[in-house]
Amino acid sequence: MASPSSYSSYALASTVRHLVSLDDLLSKVQDYLAPDKTDLIGQAYAFAEASHRGQLRKSGEPYIQHPLHTAILVADLRLDVDTIVSALLHDVPEDCGVSFEEVERRFGPEVRKLVDGVTKLSKLAAPATDSARPRSRAERTSATIRAENLRKMLLAMAEDIRVVLIKLADRLHNMRTLWAMPPEKRRETAGETMEVYAPLAHRLGIWQWKWELEDLSFRYLQPEKYREISQLVATQRAAREQYIEQVIPVLQTELQKVGIHAEVTGRPKHLYSIFTKIEKYRTQGKDFGQIYDLLALRVLVDTVQDCYSALGVVHQLWHPLPGQFDDYIANPKGNGYQSLHTAVMCLGGQPLEIQIRTHEMHRIAEYGVAAHWRYKEGASRPVEFDAKLAWLRQLLEWQREVQGAEEFVESVKTDLFHDQVFVYTPRGDIKDLPAGATPLDFAYRIHTDLGHRCIGAKVNGRLVPLNTPLRTGDVVEILTGKSSRGPSRDWLNPSLGYLKTAHAREKARQWFRRQEREENLAKGRELLDKEIKRLGIAQTEDEIARLFKYDTVEEMLLAIAYGDLSPSTIAMRLAAQQEQPVVTRSLTGQQVSPASVRVLGVGDLLTNIARCCHPVPGDEITGYVTRTRGVTVHRRDCYNIVHADEPERLIPVDWGPMGQLYAVPIRLVAWDRVGLLRDLSTVIAAEGVNMAQVSHVSMPDGTASLSFVLETTGIVQLSRLLARLEAVPSVLSVVRVSESAGKTLSP
């Protein structure tokens with residue numbers, strides 16, 4: 001495995017041809033493999049070289065360089081001889097026409113099995129990334145095939161992890177030479193790597209591979225941002241390295257005073273991590289200079305006790321920053337990672353991140369799950385290794401009841417690839433869940449029936465909403481009803497955030513699928529009508545069904561009832577038909593920038609948003625030529641447009657570049673109570689929406705009618721906000737309204 005000091009140099013490998021030889025591979029394996037095993041590697045290399053002779057890669061290198069680089073990466077993990085031989089041979093059947101029987105005859109059944117597994121994985125197509133675009137039946141079929149292949153990959157992975165380790169090494173070398181591929185192929189491969197392979201390396205705990213896969217993907221997916229971060233880091237590199245050189249001896253001296261033998265080094269920070277940190281800090285109003293962990297130290301000690309003793313020394317020496325301590329020794333990550341993380345205000349008031357771990361913990365952090373894969377002559381896989389894959393077998397067990405392959409992939413992305421939180425049952429049993437999971441997810445993780453019967457939850461002894469995100473260390477108690485009423489359909493609304501794990505969502509969907517067809521059709525139509533009315537959408541059911549590529553309206557309504565298609569997704573798809581670049585923010589929303597609406601396909605004409613119907617991006621619109629105020633933009637179903645006296649003054653318009661705010665009138669009816677307006681305001685503020693106007697009228701029947709003018713970015717945000725407002729206790733209905741329907745157009 002490359003040393004931390006050499007980590008930053010890997011970027012050069014992606015632009016400069018780096019030729020390796022068999023001697024480079026043998027020098028890595030001779031430290032831990034017997035001489036007769038290295039002889040087998042030499043035979044495999046000779047066979048692969050002869051099979052690939054005359055073949056060139058897009059980079060111009062002899063093709064044998066690719067399997068050789070792959071084998072060297074596998075050897076970095078110190079894997080067994082069969083895995084290294086399989087890495088050398090992994091492209092021989094597919095690219096050279098060599099039969100699997102020939103591979104088995106020369107190198108044995110174990111190598112054949114591994115090569116066969118890698119060959120099958122190589123046939124996986126890149127996953128579709130444009131989820132907002134309607135897909136044809138052919139595309140949906142293709143996605144299903146990819147999903148089934150991924151399911152097979154994970155099944156094979158649970159049986160023999162070495163197949164996926166070879167595939168990861170294969171992908172890493174391909175990413176290093178991706179510059180030789182056409183631009184479209186670069187983006188497609190980088191997207192697949194960022195979506196599947198980098199998270200998989202993370203879940204397996206192979207940090208060096210994860211970081212490199214992320215950085216190389218980042219380079220091709222967002223080249224401008226990549227160059228910007230690279231230059232930003234490069235301009236301060238010399239100063240950072242000098243600072244680290246000053247800090248290391250200070251800490252080493254203090255550790256020696258208390259008898260702790262420690263290896264203290266600087267820890268490199270990879271570019272994609274810096275980018276995500278900058279994006280996170282930007283939302284908090286902070287800048288690049290305030291990122292505390294650009295400067296980092298790693299402290300390696302002999303024992304766990306030394307880890308905590310070293311932490312005490314660090315906190316006595318420098319002031320710790322609040323909220324920046326994590327104990328991953330007592331609470332390891334799901335992939336086995338263990339370390340103490342802290343951040344301190346160091347010399348000269350400079351924030352500094354420090355990681356403290358044992359040498360064994362560091363080995364596991366470097367090699368991940370492969371650190372537990374140590375073969376001995378005639379020995380089987382260690383029990384310790386099998387325990388590290390328990391999470392994978394548990395995931396596959398949950399997926400046996402999943403209806404479709406694409407739902408399985410969704411589950412993998414949420415339950416497998418996301419960071420984990422660890423929470424406790426009232427009895428003290430620990431359960432791991434994806435970050436962002438809620439008490440409802442916890443209930444379904446315990447038992448399906450517990451989820452169906454859930455009516456409330458306590459976290460750390462306090463009642464909380466069912467969509468509250470859980471944090472590591474929380475104690476969760478589920479409150480249930482006497483009978484199983486089944487899940488609420490609101491739980492499947494992504495805007496409300498009740499269910500974050502695909503496992504829980506699938507269990508809820510299964511419950512609804514078991515209901516009567518006519519009942520589901522009625523419920524689907526009720527949910528669709530509600531969304532259409534709430535947003536003032538002009539499309540008919542037939543038009544929406546065609547938009548989503550459903551053959552019939554009934555098929556679409558059942559999908560809505562089952563939770564496969566949410567009303568909020570309908571709003572997003574309608575908005576996705578419109579272009580949405582960015583212009584100046586408008587505080588009133590009444591004046592539209594000339595660039596925000598295209599009139600007859602051009603800009604630079606005076607335009608105004610109609611006050612009678614208040615169109616927002618995502619609405620179907622048309623223009624009306626006035627005598628004194630240019631073109632007024634109306635919704636196409638506006639009363640004044642439908643009943644226009646001079647239809648010849650109507651002209652085509654569409655949404656052009658936009659990003660400003662649009663004023664939308666909302667009417668809400670609720671049972672009047674103390675704190676109602678406060679609760680509604682909290683929801684609106686949490687969505688980042690401004691209230692331009694608000695009025696409250698109490699009615700004799702105990703209800704209240706509230707009118708808002710909200711400044712939204714478009715129909716997607718509006719749909720999400722209306723769903724959240726409707727979920728506020730005592731709210732009866734919430735709809736978008738027109739202020740002056742029935743009035744004639746001004747000349």
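The values are calculated or read from the model by the stated rules, or taken from the named source; none is laboratory data. Bear in mind the structure is a predicted one, so any value in this text is a computation, not a measurement. Positions of Cβ are generated from backbone atoms using ideal geometry, with glycine treated the same way; all protein chains shown enter the neighbour counts.
Could you check segment 542-576 and list, in sequence order, the residues that are assigned to a helix (DSSP H, G or I), modelled with pLDDT of 75 or more and among the hydroxyl-bearing types (Ser, Thr, Tyr)?
Within segment 542-576, just Tyr562 meets the criteria.
Name the pairs: first residue in segment 444-463 and among the hydroxyl-bearing types (Ser, Thr, Tyr), second residue surrounded by fewer than 19 Cβ atoms within 10 Å (Cβ to Cβ) and assigned to a helix (DSSP H, G or I), Cβ to Cβ under 8 Å, at least 6 apart or on different chains?
Tyr444/Leu450
Looking only at segment 309-326, count how many residues are buried (at least 16 other Cβ atoms within 10 Å of the Cβ) and among the aromatic types (Phe, Trp, Tyr).
Here the count works out to 1.
Among the residues of segment 157-193, what is the count of those that are in a helix (DSSP H, G or I) and under 26 Å from Gln338 (Cβ atoms)? It would help to see each step written out before you state the result.
First, pick out the residues of segment 157-193 that are in a helix (DSSP H, G or I): 157-159, 162-176, 178-180, 183-193.
Next cut, under 26 Å from Gln338 (Cβ atoms) only: 157-158, 162, 164-165, 168-169, 172.
Result for segment 157-193: 8.
From the residues in segment 417-456 that are more than 27 Å from the chain's Cα centre (by Cα) and among the small types (Gly, Ala, Ser), which one is modelled with the highest pLDDT?
Gly456
Looking at segment 496-541, which of its residues are modelled with pLDDT under 75, touching a helix residue (DSSP H, G or I) at 6+ places or on another chain (Cβ under 6 Å) and outside any helix (DSSP H, G or I)?
none
Among residues belonging to segment 104-139 that are in contact with a Phe, Trp or Tyr (Cβ under 9 Å, 6 or more places away or on another chain) and among the β-branched types (Val, Ile, Thr), point out the one that is modelled with the highest pLDDT.
Val115
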